[in-house]
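Only one structure is covered here, and it is reproduced in the block below.
FYI, it's all coordinate maths here, none of it is from the lab. On a predicted model such as this, the values are computed, not experimentally measured, just so you know. Cβ sites come from the backbone with ideal geometry, for glycine too, and all protein chains shown count toward neighbours.
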Amino acid sequence: MSGIFVGEFFYDSTNKICKICSSPVWDAYGDFYVCLKCKKNLSDKDVLKQNPYNYSSVVVGYYGQENNNELKYIVDSTGNTMIFKNVFEAKNYLIDCGLVKKTIYKNLNIELYHFNDFYFIDQVQEGCYVK
């Protein structure tokens, strides 16, 4: 799951959009969603399911051990924050780099990847993912 930081609060992505302005809506941890563009709380009837191929681009954040657990971002070789097309591309990158833990259940023929240490932060509004 991905999401955004607004101040110190992390809103989970819902992969749904606002019927009013077509912006992504966020899980408000209750029976409603939040549209940050309209600045409104929305119910199920006010949102639409988003096509998975239209998901927002994301950056990958993690809390470092040093510097007072400051949120850091995955960067490229030049030190720029990497922006992935969507959360699926970001997860594949982390797997390919060996940055996630993997559990193998041989009897079920399943590999389970653990992304618990990472935040997938949607880049939908300028400034939302930067602290």
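Taking 0.36 nm per residue of separation and subtracting the Cα-Cα distance, full extension of the segment from Asn116 to Cys38 would add 25.0 nm. Other residues whose C-beta falls under 14 angstrom from the C-beta of Cys35 contribute a net charge of +2, scoring Lys and Arg +1 and Asp and Glu -1.
Packing-based ranking of 79-87, 21-29, 42-50 yields 21-29, 79-87, 42-50, ordered from highest to lowest mean Cβ neighbour count within 10 Å.
The label point for Lys49 and the one for Tyr63, both projected 7 Å from the Cα toward the Cβ, are 3.4 nm apart.
Ordering Gly79, Leu99, Val60 by Cα displacement along the dipole of region 58-122 toward the positive end leaves Leu99 in first place; charges were set at the Cβ atoms of Lys, Arg (+1) and Asp, Glu (-1).
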